[in-house]
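The values are calculated or read from the model by the stated rules, or taken from the named source; none is laboratory data. Note that the structure is a prediction, hence the values are computed from the model and not measured. When the accessible area is computed, the model is the full protein with side chains, heavy atoms only, and any ligands, DNA or RNA have been set aside. Shrake-Rupley method; radii C 1.70, N 1.55, O 1.52, S 1.80 Å.
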Amino acid sequence: MHIPPPTPRQIYWNRVLLNAFWMVLLVYLASQLFVSLSMWGHRPELSGGQYFIFHVLIPDSVLLVLILMLEAVHKWKPFMSEFSIIVASHLYGILILMNLSTEYHVKPLIMLLPLLVSMIYLNENYLKASSAVCLLYIIMLFLNTSTYDYTLRIQNIIIALIFAGTSLAGFGVIARGRDLIRSLENSVKSEQDLRIQNIIMDRLSKIDPLTDLYNHKTFHEYLGWLIDHQQNNPFPMQLAVLDIDNFKNVNDQYGHWVGDIVLKQVAAVMLEHIGSDDFAARYGGEEFVVILTAKPLEDSHRIMERILTGIAGMPVTEMENKSVTVSIGMHDYDGSDSKSSTFQQADDALYEAKKTGKNKIVIL
């Protein structure tokens, strides 16, 4: 069975819990040394060499080995790290319990450690297993308590209530955490859907749906931006206006649906020949515009010639394999023209091309 790799957040929390285990070990060792030194000369059983070996060195070494094993799993088998930490939290608590003196009446609370770890992972199965271990431990406490030792029995009842309260709180935290996660996921999904809708709407507002070129509005915005940009950073720029010759005859003879096909094919030829720095738009009806940038007039003229010949040499199946032609007017921006005068001069060049025979390019 394929086990998916842990997510970055899972890896992060595994690391946090491993760091917590290190901190618990250091605090535990410091408290042992403090007790041993403070009892030096007063209680040999808590400060002698034998005590240090069997109650400090050996158990702490076992805990150290346990943490190092967890570190190895975290590094080389990260998909097993979470389960290993849960199991180790129980062993960690049991080892400390076995080593602590019975004089420490609060030592059963060490078993809260696996409960807290399960809560951090927001995993009900882990919490159920940890609660079962705590229940078993409480039963053992009651079995080992004398019937007549009322103080100790009351203490065990209090500890049992603390475990039960912690478990119930843990299930509540997990349920609330899952609700928050679902709410966050729904919020993120809604935000993503809204972002996608905005992108689609933005595209629809800029793109001509028939030809997939930019539309009239976007052309004027881009041309105005380029002319404004010329003031601080001059660069070569030409504007070409194209018009399909005798397009009304196409619609009248073959129908508007064939006219739409012609518009799409003309747009496809334009996109095929312009460069990545250029801009093509459908201006309206059968009229198109191309903004050519970052190249001299001669290079732009050659591009428009290829478009001219490409359209003329493109048979339209729905027109009995006949082709259409376009007339093109071009203007080379000299840095002093306004947006309106730039377009006007290109449009005047188009009018001249139409008047003098069509299927040609005129530059003004």
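For the chain, what does the helix formula give at 222 nm: sum of -39500 (n - 2.57) over DSSP H segments with n ≥ 4, over the residue count, nearest 500 deg cm²/dmol?
About -22000 deg cm²/dmol.
Hey, any idea what % of segment 274-364's accessible area is carbon plus sulfur with a 1.4 Å probe?
47
Calculate one ³J(HN,Hα) per residue across segment 57-65 by plugging θ = phi - 60° into the Karplus curve 6.51 cos²θ - 1.76 cosθ + 1.60, and present them in order as whole Hz with x for glycine and proline.
Working through the residues one at a time gives 5, 5, x, 5, 5, 4, 4, 4, 4 Hz.
In segment 67-148, what percent of the accessible surface is made up of carbon and sulfur (1.4 Å probe, ligands and nucleic acids excluded)?
With neighbouring chains kept in place, the figure for segment 67-148 is 73 percent.
Over the Cα atoms of segment 203-276, Rg to Rh with Kirkwood Rh, two decimal places?
My calculation of the ratio gives 1.06.
In whole percent, how big is the carbon plus sulfur part of the accessible area of segment 155-262, probe 1.4 Å, protein atoms only?
60
In Å², and per residue, what accessible area does the chain have when probed at 1.4 Å with the other protein chains present?
So the chain comes to 57 Å² accessible per residue, rounded to a whole number.
I need the P(r) histogram for the chain: all alpha carbon pairs, bin width 20 Å from 0 out to the longest distance, whole percents.
21, 27, 13, 20, 16, 3, 0
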